[in-house]
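The values are calculated or read from the model by the stated rules, or taken from the named source; none is laboratory data. Everything numeric in this text was worked out from a predicted model, so none of it was measured. A quick note on method: Cβ atoms are made from the backbone with ideal geometry, for glycine too, and the neighbour counts reach across all protein chains shown.
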Amino acid sequence: MKCTNHNEKEAIGVCVICGKPFCEECLTLEEGKYFCLEHASFGKSKLKKSPTLSFLLNLFPGFGYIYLGFYKFGLTVFLIFAGLISLGENDCDICGLGIAFLIGFSAIDGWRKAKKMNSGEIKEDEDIKIGQITFGIILVIIGILLLLEKVFYVDISSIIKLWPIILIIIGILEIYKYLKKQ
């Protein structure tokens with residue numbers, strides 16, 4: 001395999017950030033990992049985050065994100081978790097499944113984000129726009145359901161039984177986005 005920068009030289013390794021092969025002149029070894037000259041600063045004096053600790057903390061949804069520095073995201077995940085528990089007290093059949101999914105998703109996503117932070121792919125203060133809008137919508141829905149039940153004394157069990165409508169709406173939106181690209 002040849003060096004990305006020097007076609008006449010053999011590569012001795014690949015950069016852990018970009019994955020390109022480089023020769024001895026173009027690579028630097030930091031903490032036992034190869035970095036190209038462009039990405040060499042990622043390995044220097046950077047506080048690493050533990051993927052395992054992030055995974056374990058996110059078994060209580062939101063705490064692992066806070067450990068990683070995603071404070072708003074972690075708080076949002078925690079509020080969704082609390083909302084699902086509150087709705088679950090009112091015979092919400094789907095809430096138990098939602099809680100289980102949220103715990104699993106948070107743990108795995110926290111581990112993945114810690115790995116990406118350590119490799120320099122994402123930064124601590126990076127906005128997670130898709131996650132923010134998705135979790136924002138979920139919070140609004142949970143908040144409306146709780147408000148209907150607690151303040152207006154509406155029996156939400158009949159409303160919750162209609163949750164498959166959400167899947168239909170998401171499916172229609174995905175089909176629309178696909179057709180719009182064509």
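A few points about this structure:
- Scanning the stretch 68-81 for residues that are more than 13 Å from the chain's Cα centre (by Cα) and either assigned to a loop (DSSP other than H, G, I, E, B) or modelled with pLDDT of 85 or more (or both) yields 78, 80, 81.
- Scanning the stretch 155-168 for residues that are more than 14 Å from residue 91 (Cβ to Cβ) and surrounded by 13 or more Cβ atoms within 10 Å (Cβ to Cβ) yields one hit, 166.
- Selection status of residue 161, farther than 19 Å from residue 98 by Cα and of a type outside the set (A, V, I, L, M): no
- Within the stretch 55-97, if we keep just the residues that are in contact with a Pro (Cβ under 8 Å, 6 or more places away or on another chain) and in contact (Cβ under 8 Å) with a residue 40 or more places away in the chain, the residue that is farthest from residue 118 (Cα to Cα) turns out to be 80.
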